[in-house]
1. Using only the alpha carbon atoms of the stretch 63-150, find the Kirkwood hydrodynamic radius as the inverse mean reciprocal pair distance, in angstroms to one decimal.
2. Report Rg/Rh for the stretch 214-273, rounded to two decimals, where Rg is the Cα radius of gyration and Rh the Kirkwood radius.
3. What does the C-alpha gyration tensor say about the overall shape of the stretch 125-246? Classify as rounded when a/c is under 1.5, otherwise prolate if a/b is larger than b/c, or oblate.
4. Placing one identical point scatterer on every Cα of the stretch 146-208 and ignoring solvent, what is log10 I(q)/I(0) from the Debye formula at q = 0.13, 0.19, 0.25 Å⁻¹?
5. Using only Cα atoms, figure out Rg for the stretch 199-241 and give it as a multiple of 2.2 N^0.38 Å.
6. Rank 37, 72, 265 by mean-square fluctuation in a GNM of the chain with C-alpha springs under 10 angstrom and give only the top-ranked residue.
7. Residue 176 versus residue 126, label points 7 Å from Cα toward the beta carbon: distance in nm?
8. Where both partners of a DSSP beta bridge lie in the chain, what percent of those bridges are antiparallel, to the nearest 5?
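FYI, it's all coordinate maths here, none of it is from the lab. This structure is a prediction, so every number in the text was calculated from the model and none was measured. Using ideal geometry, Cβ is built from the backbone for each residue, glycine included, and neighbour counts are taken over all protein chains shown.
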Ligand code: PAF
C-alpha cells in the first residue's frame with residue numbers, strides 16, 4: 001500500500017490508500033503482473049484471517065523487505081480434521097482489511113473455497129518424520145491440507161519471500177520441506193512468536209477463550225519459560241515432566257503433548273547433548289470448549 005496525499009494544508013490533509021482486495025486468482029495475477037513489470041519484488045503473508053498483532057508483525061516485516069506485499073486471508077478447509085473446529089474458527093475479513101491497509105499491504109487475496117478448490121485436491125504431501133510427529137500424529141491430514149493450500153498460494157503468487165510465524169514451529173519445518181521437494185524458488189522467512197505482555201502467545205484462537213480461561217492459559221508460557229532455567233540443572237526427561245506436570249496442575253488446562261525435539265528434524269530427543277538446536281513444542285487443551293492452544297520454547 002502506498003499513501004497518496006491528495007491535498008494538504010497545515011490544518012487538513014486528505015489522503016487515500018490503494019490497497020486492493022481481490023477474490024479471484026485472475027484479478028490477483030493481473031495485479032502481480034503490473035507489479036512485476038515495474039521490477040518489484042513480491043512478498044507473501046499467508047493467513048487464515050482473524051488477524052492479530054502476531055500477523056501484523058509478519059506483514060510489517062514483509063512490507064519492509066519487499067516492494068509489493070500480498071496477504072492471503074482464507075480459512076483453508078482441507079487442513080481441519082475436525083468439522084467443529086473449522087466451523088468455530090473466527091472470521092473477520094472487514095477488520096482484517098482495515099488492519100492490513102494501515103500496515104501497508106498492497107493486496108489482500110480473500111478467495112472463496114470454490115476459487116481455491118474448483119475440484120477436490122488429491123495431491124498427497126509426505127515429509128516424514130517432520131510431518132508425522134506431534135501435530136502430524138494428533139491431527140491426521142492437517143499438514144497435507146497446509147501443503148495443499150500453501151503450494152496453491154505459492155503457484156498463484158510466485159513470491160520472492162513468504163513469511164510464517166514460529167508459533168507454528170512444525171508448520172514452518174513442513175513448509176520448508178515442501179519448498180525443497182517442489183523445487184520452488186521462494187525464501188521462507190520464519191518470524192519470532194509475538195506474546196502479550198503477560199506471556200500468552202498471540203493466536204486467533206485466543207478470541208475463543210472466556211476471561212477465566214485466558215487466565216488459566218497463562219500457565220502455558222509461565223512453565224515453558226521457567227523450564228529454561230530448570231533445564232540448566234535437570235535432565236531432558238525431568239524438564240519434560242516439569243512442564244507437563246505443572247501445566248496439568250492448572251485448573252482448566254490439559255496437556256495433549258509436550259515434546260522436546262531437534263529443531264530441524266523435529267524428532268524427539270533423549271538428552272540435551274543430542275542436538276545443537278533444541279525446541280520444546282506443546283499443545284494444551286484449555287477450558288470447556290476446549291480451545292486447543294500451541295506454543296513452543298527454544299532451549300538452544
Ligand atoms: O498458519 C496458518 O494460518 C495457516 O496454516 C496457513 C499457513 C495460512 C495455511 O492455511
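1. Taking every pair of different Cα atoms in the stretch 63-150, averaging 1/r and inverting gives 15.0 Å.
2. When Rh is taken as the Kirkwood radius, the ratio is 0.98.
3. prolate
4. At q = 0.13, 0.19, 0.25 Å⁻¹ the computed log10 ratios are -0.41, -0.75, -1.06.
5. Against the empirical 2.2 N^0.38 Å value, I get 1.43 for the stretch 199-241.
6. Residue with maximal mean-square fluctuation among 37, 72, 265: 37.
7. 2.3
8. That works out to approximately 55 percent antiparallel.
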